[in-house]
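These notes concern the structure reproduced below.
The values are calculated or read from the model by the stated rules, or taken from the named source; none is laboratory data. Predicted model only: the values in this text are computed from it and were never measured. Glycine also receives a Cβ, built like all others from the backbone with ideal geometry; neighbour counts cover every protein chain displayed.
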Amino acid sequence: MKNIIELENITKTYGNITALDHVSLKIRQGEIFTIAGPNGSGKTTMLKIMAFIDTPTSGEIHFNGVKVGDENRSQIRTKCTMVFQKTALFNTTVYKNIAYGLKLRGFSKKEIDERVKDVLGFVKLDGYEKRFAKKISGGEQQRVSLARALVLDTELLLLDEPTANLDPKNMSIIEETVSRVNRERKNTAVMATHNLFQAETITKRAALLLGGKIVEVGTAQEIFRTPSKHLTSFARLENVFSGTSRILKEGTSLIDVGDGVEIEAALRKSGKVSVFVRPEDIILSRKPISSSARNVFKGRIVEISDLESVVRLRVDAGKQFVVQITKRSFNEMQLNVRSEVFLTFKASSVHVV
Amino acid sequence: MGNEIIDGFIKALQLILSGDHTVMEISGRSILVSGSATMLSVLWGLPVATILGLKRFRGRFVLKGLFNAMLGIPTVALGLVLYLFFSNAGPIGFLHVLYSPPAMIIGQAILITPITVSFITSAIESIDPEIKDLAKTLGASETEASIAVLKESMSGVVLAITASFNRAIAELGVVLMVGGNIAGFTSVLTTTIALETNKGNIELSIALAIILLLIVSVLSVSINLIQRRKT
């Protein structure tokens, strides 16, 4: 497949600080690519360089096979556009915000009107033309930012944490829009995020950026389903347990993680291992349930944290487990701190760190 | 004494309401001279402020500090320097502009340039630096992106221009030194108020002071109203 943009040995320094350290990356035409990494890892710098609004200290960039330099940078810049993490809006109406790039490109008033109307429909903000951009809600503002970028129909769309700090409704509108645009128009999108769940749901390939270096590139599945030490180091994975594993005759392994807790995992490994279970992979019940799942533990809730649409519970079952359930389940089950519960998860939900 | 002041007020109001020729002529000249001076200071101050606000270069802080320091320049001192420049023995004496409106305009323009530059610079600096990147990523050239930032800082720019005009129309030192308060030619509000008060022509002074205050406050209030409607 053709690459739309290729970074070769890109380094960017600000004084003594190295924001990007010999980064090489190829983005394929038509894909949605994720750059995952913690705050300060260089994601924004990387996107700004790919948007040609910042220049690398050293290294080469090729766009559609053409080497980018001072002579063609501003012309190539018009083929990309970036949506910033901190919503930046012109202090005027929604219409004028979205029309800005079209005006620069010399579209007629009639064409601009049509395109603005269409794109507002895309981000579910029909009829917002005359509203003041800075007077609508934060989620709506971010959708205006996205619309303003989408209306230009550029070959490459760069999104810097587009859903950071947004509520689930606005988040899903933005995610759906990005996926839909990619599907319908075949434009390439590169998204920076620290939300791994999002990275996994809407992108096929991803890179992991740590301290300005790319430490992993691969399919989202490879990176996020079987996390490496790099990923755990920034994702602060919960339910990480270390212990001694022995292989059972059934082919799975039983890991003694201490405090009387033994976890069965669908892997063949003996000796010292570290494993983790995703909080959303654990089924929580009031009574023991009969299922195919190999791991069942009895425990008590010790902590409850409300995260809008979901609830996270800390359960002491010898070892402490973090479990994530929907708010609705939480209400229906009438759970409280000290409630006795059962935790159930499959051996295949246990991953090696 | 009290009666004199009240009398002065009444006569002053009569002068204003009757559209007295001298009052109107002096007021008109004041607005014209200070308005032109403001335009001139914006003409050269705006590009300087845009560069100071947007570009990062060596000596930027020194330059900014210099303009800030000149904000409080004593008008009489500047008037004296300009007098020496414009006088026949001075380096640009050949222009023969001393004691004429052009000299007053140039003098005031120089006086208010630090205000124009400093205030516009901080208005530009207060704009989110991301706006420039935003304009660029939407397809703007370097110049178009700078214009976008300038547009965003428009309310601050308008405020800077208003403040500059107010300083110009209210100052006395420069216009007195290089204009000379020649009746019917270079006399403006401030110079006439000073002179007529000394002469004991209190009602004319009061009338002109009222007009001066009116110009300054009406301008400030209307700018304020326009700005509020825009946001």
- Residues in the stretch A:298-316: is at least one closer than 29 Å to A:LYS169 by Cα, among the basic types (Lys, Arg) and loosely packed, with under 14 Cβ neighbours inside 10 Å? no
- Task: Being within 12 Å of chain B (Cβ to nearest Cβ) and within 15 Å of the chain's Cα centre (by Cα) is the filter; apply it to the stretch A:35-50 and report the residue that is modelled with the highest pLDDT.
- Result: A:LEU47
- Query: How many residues are within 10 Å of chain B (Cβ to nearest Cβ) and surrounded by 16 or more Cβ atoms within 10 Å (Cβ to Cβ) if we restrict to the stretch A:104-113?
  - Reply: 1
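Residue check: is A:ILE53 away from chain B (no Cβ under 14 Å) and outside any helix (DSSP H, G or I)?
On the way: away from chain B (no Cβ under 14 Å): no; outside any helix (DSSP H, G or I): yes.
Taking the combined requirement at face value, the residue does not satisfy it.
Is one or more of the residues making up the stretch B:214-221 part of a helix (DSSP H, G or I), modelled with pLDDT under 95, within 14 Å of chain A (Cβ to nearest Cβ) and exposed (fewer than 12 other Cβ atoms within 10 Å of the Cβ)? Lay out the reasoning, then the answer.
So in the stretch B:214-221, the residues part of a helix (DSSP H, G or I) come out as B:214-221.
Add one more test, that the residue is modelled with pLDDT under 95, and what stays is B:214-221.
With the extra rule that they be within 14 Å of chain A (Cβ to nearest Cβ), the set shrinks to none.
So far as the stretch B:214-221 goes, no, none of its residues is part of a helix (DSSP H, G or I), modelled with pLDDT under 95, within 14 Å of chain A (Cβ to nearest Cβ) and exposed (fewer than 12 other Cβ atoms within 10 Å of the Cβ).
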- Message: Could you list, ordered by first residue, the pairs with Cβ atoms under 6 Å in which the first is in the stretch B:133-160 and closer than 15 Å to A:TYR100 by Cβ and the second is among the polar types (S, T, N, Q), at least 6 apart or interchain?
- Response: B:THR137/A:THR81; B:GLY139/A:THR78; B:GLU152/A:ASN91
- Query: Any residue in the stretch A:73-84 that is among the aliphatic types (A, V, I, L, M) and in a loop (DSSP other than H, G, I, E, B)?
  - Reply: no
- Message: Restricting to the stretch B:17-46, give me the number of residues that are within 14 Å of the chain's Cα centre (by Cα) and under 20 Å from B:LEU195 (Cα atoms).
- Response: 5
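Please find, among A:LYS124, A:LYS86, the residue that is charged (D, E, K, R), within 9 Å of chain B (Cβ to nearest Cβ) and out of contact with any Ser or Thr (no Cβ under 7 Å at 6 or more places or on another chain).
Values: A:LYS124 fails: within 9 Å of chain B (Cβ to nearest Cβ).
Exactly one residue qualifies, and that residue is A:LYS86.
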- Message: Just to verify a result, which residue in the stretch A:327-353, among those that are over 22 Å from A:ILE223 (Cβ atoms) and part of a strand (DSSP E or B), is farthest from the chain's Cα centre (by Cα)?
- Response: A:GLU340
- Query: Which one is surrounded by the fewest Cβ atoms within 10 Å (Cβ to Cβ) among residues in the stretch B:133-143 that are aliphatic (A, V, I, L, M) and at the interface with chain A (Cβ under 7 Å from one of its Cβ atoms)?
  - Reply: B:ALA140
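Considering only the stretch B:115-132, state which residues are acidic (Asp, Glu) and either within 9 Å of another protein chain (Cβ to nearest Cβ) or free of Cβ contacts under 8 Å to residues at least 12 places away in the same chain (or both). Full working, then the answer.
First, pick out the residues of the stretch B:115-132 that are acidic (Asp, Glu): B:125, B:128, B:130.
Correct list: B:ASP128, B:GLU130.
Would you check if B:SER146 is more than 12 Å from every other protein chain (Cβ to nearest Cβ), closer than 30 Å to A:GLU155 by Cα and in a helix (DSSP H, G or I)?
So B:SER146 fits the description; yes.
Mind counting the residues in the stretch B:23-35 that are out of contact with any Phe, Trp or Tyr (no Cβ under 8 Å at 6 or more places or on another chain), of a type outside the set (A, V, I, L, M, F, W, C), touching a residue at least 24 places away in the same chain (Cβ under 8 Å) and surrounded by fewer than 16 Cβ atoms within 10 Å (Cβ to Cβ)? Even if it seems obvious, please write down each step before you answer.
Taking the stretch B:23-35 and keeping what is out of contact with any Phe, Trp or Tyr (no Cβ under 8 Å at 6 or more places or on another chain), we get B:23-33.
Those left that are additionally of a type outside the set (A, V, I, L, M, F, W, C): B:25, B:27-30.
If we keep only those that are touching a residue at least 24 places away in the same chain (Cβ under 8 Å) as well, we get B:25, B:27, B:29-30.
Next cut, surrounded by fewer than 16 Cβ atoms within 10 Å (Cβ to Cβ) only: B:25.
So the answer is 1.
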- Task: Could you tell me which numbered condition A:VAL68 fails, if it satisfies all but one of (1) within 27 Å of the chain's Cα centre (by Cα); (2) surrounded by 16 or more Cβ atoms within 10 Å (Cβ to Cβ); (3) within 17 Å of A:ILE4 (Cβ to Cβ)?
- Result: (1)
- Query: Has the stretch A:299-312 got any residue that is farther than 30 Å from A:LEU166 by Cα, small (Gly, Ala, Ser) and without any contact (Cβ under 8 Å) to a residue 24 or more places away in the chain?
  - Reply: no
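Yes/no matrix, rows are residues, columns are (1) surrounded by 14 or more Cβ atoms within 10 Å (Cβ to Cβ); (2) in contact with an Asp or Glu (Cβ under 6 Å, 6 or more places away or on another chain); (3) within 30 Å of A:ASP70 (Cα to Cα); (4) modelled with pLDDT of 95 or more:
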| position | (1), (2), (3), (4) |
| --- | --- |
| B:LEU66 | no, no, no, no |
| B:MET70 | yes, no, no, no |
| B:LEU78 | yes, no, no, no |
| B:PRO91 | no, no, no, no |
| B:ILE112 | yes, no, no, yes |
| B:SER126 | no, no, yes, no |
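Quick one: which residue in A:THR93, A:THR57, A:THR78, A:THR13 is in contact with an Asp or Glu (Cβ under 8 Å, 6 or more places away or on another chain), surrounded by fewer than 21 Cβ atoms within 10 Å (Cβ to Cβ) and of a type in the set (Ser, Thr, Tyr)? I'd like the intermediate steps shown before the answer.
Numbers: A:THR57 fails: in contact with an Asp or Glu (Cβ under 8 Å, 6 or more places away or on another chain); A:THR78 fails: in contact with an Asp or Glu (Cβ under 8 Å, 6 or more places away or on another chain); A:THR13 fails: in contact with an Asp or Glu (Cβ under 8 Å, 6 or more places away or on another chain).
The match here is A:THR93.
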- In the stretch B:38-51, anything among the hydrophobic types (A, V, I, L, M, F, W, C) and crowded, with 22+ Cβ neighbours inside 10 Å is listed as B:VAL42, B:ALA49
- State the number of residues belonging to the stretch A:152-173 that are out of contact with any Gly (no Cβ under 6 Å at 6 or more places or on another chain), farther than 16 Å from A:GLU31 by Cβ, surrounded by fewer than 24 Cβ atoms within 10 Å (Cβ to Cβ) and not charged (D, E, K, R). 7
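Quick check on the stretch B:119-143: of everything there that is of a type in the set (A, V, I, L, M) and assigned to a helix (DSSP H, G or I), which residue is nearest to B:ASN68 (Cα to Cα)?
Among those residues, the one meeting the criterion is B:ILE120.
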- Message: Here's a check for you: in the stretch B:150-167, which residue that is within 28 Å of A:PHE107 (Cβ to Cβ) and crowded, with 22+ Cβ neighbours inside 10 Å is nearest to the other protein chains (Cβ to nearest Cβ)?
- Response: B:GLU152
